[in-house]
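The values are calculated or read from the model by the stated rules, or taken from the named source; none is laboratory data. Computed from a predicted model, the values in this text were never measured in an experiment. Cβ placement follows ideal geometry from the backbone for every residue including glycine, while neighbour counts extend to all protein chains displayed. To get the accessible areas, we keep the full protein, side chains included, count just its heavy atoms, and leave off ligands, DNA and RNA. Shrake-Rupley method; radii C 1.70, N 1.55, O 1.52, S 1.80 Å.
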Amino acid sequence: MFNPTRDQARQFLVDAWRKRREKLPATPLETLAADLVGLHPEYHALLEAADALTREWTPEQGETNPFLHLSLHLAIEEQLSIDQPPGSRAAFEALLARRGDRHAALHAVLDCLGETVWRAQRDRRPLDGAAYLDCLRRAAG
């Protein structure tokens, strides 16, 4: 899944969570996705709902899109596993030492990644890896 559609990405997360609940075999990526869903009990019912694949979540309604949130978590896990951008793993380790909780540290990284993606979209430019690392380092500060 290198460039999934929105529907494919949503279906992947729904399926991964269903496999976890039903104790079905899963790929390593599905297992990781289900682990991440497991960290977010507030999303369990949403992923199990009949309208999970079609529902919209908007900031204007004061809602966080669970699929975006979980997809960012997956992206971060991949980044950390390959240290991309270089230095991100060290910055995460500093964040983890400061926060003392892996999930809290991941959410700090998620905030930085979300901001970096938002700026890239707003400015119609590629992601700024240096700005992303700066944000991570400031968060670890």
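Counting just the residues of segment 63-102 that are β-branched (Val, Ile, Thr) and out of contact with any helix residue (DSSP H, G or I) (no Cβ under 7 Å at 6 or more places or on another chain), which one comes out surrounded by the most Cβ atoms within 10 Å (Cβ to Cβ)? Once the filter is applied, the top-ranked residue is Thr64. Only one entry in Asp7, Asp15, Asp111 is within 25 Å of Gly129 (Cβ to Cβ), open to solvent by 30 Å² or more (accessible area, probe 1.4 Å) and either part of a helix (DSSP H, G or I) or of a type outside the set (S, T, N, Q) (or both), namely Asp111. Every condition in (1) open to solvent by less than 90 Å² (accessible area, probe 1.4 Å); (2) under 24 Å from Gln8 (Cα atoms); (3) among the aliphatic types (A, V, I, L, M); (4) out of contact with any His (no Cβ under 9 Å at 6 or more places or on another chain) is met by Leu133 except one, and the failing one is (2). Entry remark, segment 114-130: residues being in a helix (DSSP H, G or I) and either β-branched (Val, Ile, Thr) or open to solvent by less than 90 Å² (accessible area, probe 1.4 Å) (or both) number 8 in total. Can you tell me which residue is farthest from Pro66 (Cα to Cα) among those in segment 9-37 that are out of contact with any Lys or Arg (no Cβ under 7 Å at 6 or more places or on another chain) and small (Gly, Ala, Ser)? Selected residue: Ala16. Pairs meeting the criteria (first residue in segment 72-86 and under 14 Å from Gly129 (Cα atoms) and assigned to a helix (DSSP H, G or I), second residue of a type in the set (Gly, Ala, Ser) and open to solvent by less than 70 Å² (accessible area, probe 1.4 Å), beta carbons under 9 Å, at least 6 apart or on different chains) are Ile76/Ser88; Gln79/Ser88; Leu80/Ser88.
Checked against the criterion of being acidic (Asp, Glu), under 21 Å from Ala9 (Cα atoms) and at pLDDT 95 or above, the candidates Glu77, Glu56 yield just one match: Glu77. When residues in segment 18-54 are screened for being free of Cβ contacts under 8 Å to residues at least 40 places away in the same chain, small (Gly, Ala, Ser) and not in a helix (DSSP H, G or I), 3 of them pass. If we keep just the residues of segment 117-134 that are touching a Ser or Thr at 6+ places or on another chain (Cβ under 9 Å) and of a type in the set (Gly, Ala, Ser), which is modelled with the lowest pLDDT? The extreme case among them is Gly129.
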